[in-house]
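Enquirer: Just passing along the structure, written as structure tokens.
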Amino acid sequence: MKRLSIFIFLFLNILIFNSCKEDIDESNLYTFTGETIEDYLENRSEQYSNFNYILKRIGYDKILAAYGTYTCFAPSNEAVQTYVDSLYADMSNKELPHNGMTGPGLEGLTDSLCEDIALFHLLGTEVMSVYMGNGMTIKTILGREITTSFDSIAKCVAINRDAMILKDGIDKDLENGVLHEIDHVITRSNQLIAGEMEAHSDIYTVFSNALKATGLADSLTETSHDFGTIEKSYGFYVPEKCEMGYTIFAETDDVLAEMGITDVETMAAYAKQEYENCAEWYDYVRNNNIQISTGTDYKNPWNVLSMFVRYHILSYKIPYDKLTNDHNQISKVTLVEYYETMLPYTLVKITRNSGKLMMNRWEANSSLTNQVAELGTKDMHTVLFPGIELVGQKAQIAPSNGYIHPIKGMLTYNKNVPRGALNERLRFDDTVLFGEMMSNSFRRISDKEVKALNGGKEGNWSAAQLSGNYICLASGFLQNMKIYNNSTVMLYLPGQSSGWSNYQGDELMGEGNYDFAMRLPPVPDGTYELRMGYTAEAKRGMVQIYMGSSSDLNTMKALDIPLDMRIIPANNANLTPDVYTGWCDWSKLDDKGVESDANMRNLGYMRGPLYYTVGVNSGNYARNNPKDLRRIIYKGKLEQGDHWLRFKSVLDDNSAQFHLDYIEFCPENVYNSTTYVEDMY
């Protein structure tokens, strides 16, 4: 039965592969042997005894001989021996000579080193090489991520740039998973992010020295934080650890040298030019009368050098391929994300443009259009600043607590950022609102990966009619969220294969008699519409929304009447607008829904955007789906600083759901433009 099931599975997958990727060589995608992963290694001891020795030291040989689903990257005996010898020969770490080995050879490895090596070569799901060639970031059983890419010279898949999957060793399909033969041990850094940057002195000498001069090198050390417990998880996956980390976008020495920056002092001089008068556009500085220092007190957080460096750092870790998300967006739109930096209350914008990632790209009249149901003519979207390019995935460095991404230009929070690049409709997916979602690799995590983390089981909450591979988040896991009672159950639903009508596929859901608050991303001073994207369902509840300057309930004020998320707009064949929301099928209207959009706004609603589809490649836009709604929850002035939203159930129903897909900030010059109109995307 296993052989028959595998044959059917492979046949269907080959049909799928043929339909979407014509250049795949299927001749050696699968080699079924009838062995487990451990059998395969044991039966080829002349090739894998060294790696198998490491597995046996930690008892993982028994796990890989039993039922399950794994991916194993198996290095040859020669590769393991070369790596172990290099560990013992390495004396660069004065506090841990020989990397902690007790002697030369395999026997000199400690149990912890064996665990690190073994688990860094194992995944809890099957991943075939055909997917890895397109570039992936995958979390290993060790908890650390590996990055794959296609090496155009070697014509094979590379892992972390140093290990290659052998052409004859790909996709060995076994009883409990798949094995890939590799020519090198997959190396990992055990250094924290500042130490790893210092180790790359051939690239980052100046930036590394600036980290030390500002004191940031000593503070970028967090790897995890504590959080509370969950009273009832209903069998859903509950993370036992909350990983933390950092992302640094750094100019290399070559880029800095082009600007005449060769040391900390010249970098500080450049930073003075950029930040000395920043109160003119940096609203938080002006509003709080903060004094900017231009002296040599570099550890002062408001010293110009410290400000320059902090704008390059995120307090969470994101690999290159997850900086933007192309899950279900339509092909004509540009991928954009916004991330909060360590320079207080500032955002950096990441745009994928023509296959490249650009930082703080600025186009005129962004989010506006002069055409109905289109993005607008090209001449109205003049590029005023092309952005600063990130070098690429192969150039990223992965220390133990983050990522370092080299950039090709000087990154600063200058006046063109708040007044230009960020002066547009800002849309934040639920995962981007919380750094822990990215640091723990939950963003774009697949259902099968969640199931593997949950011991191969699905959760089930019959009272709430919920079952599946979801992540249950304890109070305190997300530092930008405050849960006020014990009956709130917070779930993250990845939805990457579910076909839901959600931006980027996923959603955040509150269950029970929920009462919680979340911190909003900071935006420059201005008048905004604050919108919440959600999908209406009969099993949703009613929520009262509040806004405050902190999570303290005393600061919270109610916004409007409660929102009934159970109201599903009627899709009337005669195009009569829904009485509650004003929704009707815009695609059948002569004006493409322009007048109807205005009527909906008068009722406090908007359609879902044209930006993405219901599921992947469905051809059905979110704007067409009556359940896909945006609620305008606030219209007024916001200052650059802290703002929190509180969501409280108003129903005495323990099974009522709260649903959040995304948050939008739309500035007044976009939603109330006198020249153009806000686009439908």
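The values are calculated or read from the model by the stated rules, or taken from the named source; none is laboratory data. Here the structure is a predicted model, which means the values were calculated and not measured. As a convention, Cβ positions derive from the backbone with ideal geometry for all residues, glycine included, and neighbour counts pool all protein chains shown. Heads up: the accessible areas ignore ligands, DNA and RNA and are worked out on the full protein's heavy atoms, side chains in. Shrake-Rupley method; radii C 1.70, N 1.55, O 1.52, S 1.80 Å.
Enquirer: How much FRET efficiency would the formula 1/(1 + (r/R0)^6) give for Glu78 and Glu126, where r is the Cβ-Cβ distance and R0 is 25 Å, rounded to 0.05?
Expert: Working from the Cβ atoms, E equals 0.40.
Enquirer: Using a 10 Å cut-off on Cβ atoms, rank the peptides 584-594, 526-536 from the highest mean neighbour count down.
Expert: In descending order of packing, they fall as 526-536, 584-594.
Enquirer: Placing +1 on the Cβ of each Lys and Arg and -1 on the Cβ of each Asp and Glu in the chain, which of Gln640, Ser219, Leu478 has its Cα farthest towards the positive end of the resulting dipole?
Expert: Toward the positive end, the furthest listed residue is Gln640.
Enquirer: What does the extension gain come out to for Asn554 and Asn288, with contour length at 0.36 nm per residue minus their alpha carbon separation?
Expert: Between Asn554 and Asn288, full extension yields an extra 93.5 nm.
Enquirer: Still on this model: Along the charge dipole of the chain, Cβ charges K/R +1 and D/E -1, which of Asn624, Asn43, Tyr413 sits furthest on the positive end?
Expert: Asn624
Enquirer: If each residue of separation counts as 0.36 nm, what is the full-extension length gain between Gln479 and Asn620 once their alpha-carbon separation is subtracted?
Expert: Here the answer is 47.2 nm.
Enquirer: Grab the other residues whose beta carbon is less than 15 angstrom from that of Thr137, score K and R as +1, D and E as -1, and report the net.
Expert: Net charge around Thr137: +4.
Enquirer: Right, another one. Would you please put 84-97, 363-376 in order of how densely packed they are, using the mean number of other Cβ atoms within 10 angstrom per residue and starting with the highest?
Expert: 363-376, 84-97
Enquirer: Along the charge dipole of the range 254-412, Cβ charges K/R +1 and D/E -1, which of Ser293, Tyr345, Leu305 sits furthest on the positive end?
Expert: Of the candidates, Tyr345 comes out farthest on the positive side.
Enquirer: Here is a follow-up. What does the highest-first list of 596-603, 663-670 look like by mean Cβ count within 10 Å?
Expert: Result, highest mean first: 663-670, 596-603.
Enquirer: Explain nothing, just compute: Karplus ³J(HN,Hα) = 6.51 cos²θ - 1.76 cosθ + 1.60, θ = phi - 60°, for every residue of the range 571-587 in order, whole Hz, x for Gly and Pro.
Expert: For the range 571-587, the Karplus-derived couplings read 9, 6, 5, 8, 6, 5, x, 4, 5, 8, 10, x, 6, 8, 6, 5, 5 Hz, x marking Gly and Pro.
Enquirer: Further, regarding this structure: Work out the FRET efficiency for Lys167 and Ala66 from their Cβ-Cβ distance, taking R0 = 25 Å, and round it to the nearest 0.05. Before the final figure, lay out the partial values.
Expert: Numbers: r = 30 Å, r/R0 = 1.19.
Taking R0 as 25 Å, the efficiency between Lys167 and Ala66 is 0.25.
Enquirer: Which value in Å does the Kirkwood hydrodynamic radius of the range 237-395 take, with 1/r averaged over all unlike C-alpha pairs and then inverted?
Expert: On the way: mean 1/r = 0.0548 Å⁻¹.
Final number for the Kirkwood radius of the range 237-395 is 18.2 Å.
Enquirer: While we're here: If you line up the Cα atoms of the range 89-207 on their principal axes, what length do they span on each, largest first, in Å?
Expert: On the principal axes, the range 89-207 reaches 43, 38, 24 Å in Cα extent.
Enquirer: Where Lys and Arg each count +1 and Asp and Glu each count -1, what net charge lies around Arg566 among other residues with Cβ under 14 Å from its Cβ?
Expert: For residues surrounding Arg566, the net value is 0.
Enquirer: Separate question: For the chain, what does -39500 (n - 2.57) per DSSP helix run (n ≥ 4), summed and divided by total residues, give at 222 nm, in deg cm²/dmol to the nearest 500?
Expert: Value at 222 nm, helices only: -6000 deg cm²/dmol.
Enquirer: Given charges of +1 on the Cβ of Lys and Arg and -1 on the Cβ of Asp and Glu, with all other atoms neutral, how large is the dipole of the chain about its Cα centre, in debye to the nearest 20?
Expert: Taking the Cα centre of the chain as origin, the dipole is about 1480 debye.
Enquirer: Can I ask one more? Taking only protein heavy atoms and a 1.4 Å probe, what accessible area per residue, in Å², does the chain have with all protein chains in place?
Expert: 41
Enquirer: Using the basic label-point model (7 angstrom from Cα toward the beta carbon), what is the Asn353 to Ser467 distance in nanometres?
Expert: The modelled label-to-label distance comes out at 4.9 nm.
Enquirer: Give a residue-ordered list of calculated ³J(HN,Hα) values for the range 597-607 (Karplus: 6.51 cos²θ - 1.76 cosθ + 1.60, θ = phi - 60°; whole Hz; x for Gly, Pro).
Expert: 4, 5, 5, 5, 4, 5, 8, x, 10, 9, 5
Enquirer: Could I ask something else about it? Please report, for the Cα atoms of the range 250-314, the Rg to one decimal and the Dmax as a whole number; what are they, in angstrom?
Expert: Values for the range 250-314 (Cα only, Rg and Dmax): 12.2, 37 Å.
Enquirer: Find the centroid of the Cα atoms in the range 61-91 and in the range 185-232, then give the distance between the two in whole Å.
Expert: 26
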